[in-house]
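A.B. asks: Encoded as C-alpha cells, here's the structure I'll be asking about.
Each reported figure results from applying straightforward, stated rules to the coordinates on display, with no laboratory input. Model, not experiment: these values are computed from the prediction. So basically every Cβ, Gly included, is an ideal-geometry build from the backbone, and we count neighbours across all protein chains shown.
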Amino acid sequence: MPDCFIVSPSIDTVSAGDVASTRKQQGWIYRYSTLVRVSHWVNVLCLAILLMSGLQIFNAHPALYWGEDSDFERPVLSIYTAFTAEGRPIGMTSILGRSFDTTGVLGRSELNGRPVQRAFPGWITIPSVQDLATGRVWHFFFAWLFVVNGVGYLSYSIVSRRFARDLLPHREQWKHVGGAIRDHLTPRLHRGMNAADYNLIQRLSYLVVILALAPLVVLSGLTMSPAVDAAAPWLLDAFGGRQSARTMHFITTWLLTLFVFVHVVMVLVSGFLNNIRSMITGWYAIESERRLP
C-alpha cells in the first residue's frame with residue numbers, strides 16, 4: 001500500500017478532529033492557521049506592489065539625501081543619464097560620490113524597444129510608464145493594507161501565544177548558535193520533526209523583520225507626509241529630517257527585499273512543494289514528501 005494519506009469515500013461522516021488526528025498519525029502536522037496563511041499571502045501581494053510602485057515614485061526624483069534639505073551637490077545616491085565624450089548616452093549610478101556605469105538597467109534602459117532615461121526600468125515599476133500620480137495611488141493603498149495586515153497578524157500571534165512559542169528563541173537554541181549558522185551557510189537542512197520548528201536563525205530573522213524593519217519602513221514612509229509631520233513632529237526629529245527619512249525608507253525597502261529573496265531561496269532548497277502546500281493548506285509533511293494533502 002502506498003505511503004500516503006488516503007481519504008475514504010465516507011469522509012463526510014468523519015469529523016474534522018478525526019481527520020486531523022489521522023493526518024498526524026500519517027506524519028503530518030498542522031503548521032499554519034488560516035489567519036497566518038492569509039496574512040502571509042496578503043504580505044506577498046503588498047510587498048510586491050509596494051516595491052514596484054515605490055520605484056515608480058522614486059523615478060520622479062531619483063536621488064537620495066541626508067538631513068532636512070536636498071543637497072543636490074552631494075547626494076547619498078543618484079541614478080541618472082550621462083553622456084560620453086562622443087555624445088553617447090549612458091546610465092549612471094552614483095553612491096556616496098562613486099559613480100558606476102549601469103546602462104541597460106539603471107539610468108538608461110529600454111521600454112517597448114526604445115531607449116528611455118529613467119532610474120529604474122519599466123519592467124520593475126507600476127505602472128511601467130512614468131506616471132507618478134498612479135504610482136502614488138497604488139503605493140498608498142497597499143501601504144495601509146500592509147499596516148492593517150501586520151497589526152492583525154502581530155495581535156493574533158501575541159494573543160494565541162504563537163509569538164512566544166514559534167518566534168522567540170529558546171535557551172537551548174542559543175547553545176547551538178554555531179551549528180545553526182553552519183546549517184544556513186551550507187546545504188545542510190533539518191529533516192523530520194526538526195524541520196517542523198523554526199531554528200534560531202529563522203526566529204531571529206523574523207523578529208528583526210517584524211519588530212525592526214517593518215515598523216521602520218512604515219514610520220519612515222509616514223515621516224515623508226507633511227500632514228503626518230504636523231500631527232507628529234517628533235518623527236522628523238527621530239529621523240533627522242524628511243530627506244533622511246526618505247533615504248531610510250529606501251534602504252529599509254531593499255533590506256526587506258533581500259530578506260524575501262533569501263526566504264524564497266530557503267523555501268526552494270528545503271522543499272518547495274511541501275513548503276508551498278503548507279502555506280496554502282496549513283498541513284506540513286514531516287517524514288515523506290510523497291504524502292498527499
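A.B. asks: Please compute the volume of the convex hull spanned by the alpha-carbon atoms of the stretch 63-119 and report it per residue in Å³.
C.D. replies: 82
A.B. asks: Let me ask another. Across the stretch 260-272, in residue order, what do the Karplus-derived ³J(HN,Hα) couplings come to in whole Hz, using 6.51 cos²θ - 1.76 cosθ + 1.60 with θ = phi - 60° and x for Gly and Pro?
C.D. replies: 4, 4, 5, 4, 5, 4, 5, 4, 5, 6, 8, x, 4
A.B. asks: Rank these for me by crowding, 211, 77, going from fewest to most other beta carbons within 10 Å.
C.D. replies: 211, 77
A.B. asks: OK, next. Report the full-extension gain for the segment residue 266 to residue 254: residue separation times 0.36 nm, less the Cα-Cα distance, to one decimal in nm.
C.D. replies: 2.5 nm
A.B. asks: Would you mind checking which residues have amide H under 5 Å from residue 107's amide H? H placed 1.01 Å from N; only 5 or more apart, or other chain.
C.D. replies: Counting only residues 5 or more places away or on other chains, the set is 118, 119, 120.
A.B. asks: Quick one: 98, 74, 162, fewest Cβ neighbours within 10 Å first, how do they rank?
C.D. replies: If I rank by nearby Cβ atoms, fewest first, I get 98, 74, 162.
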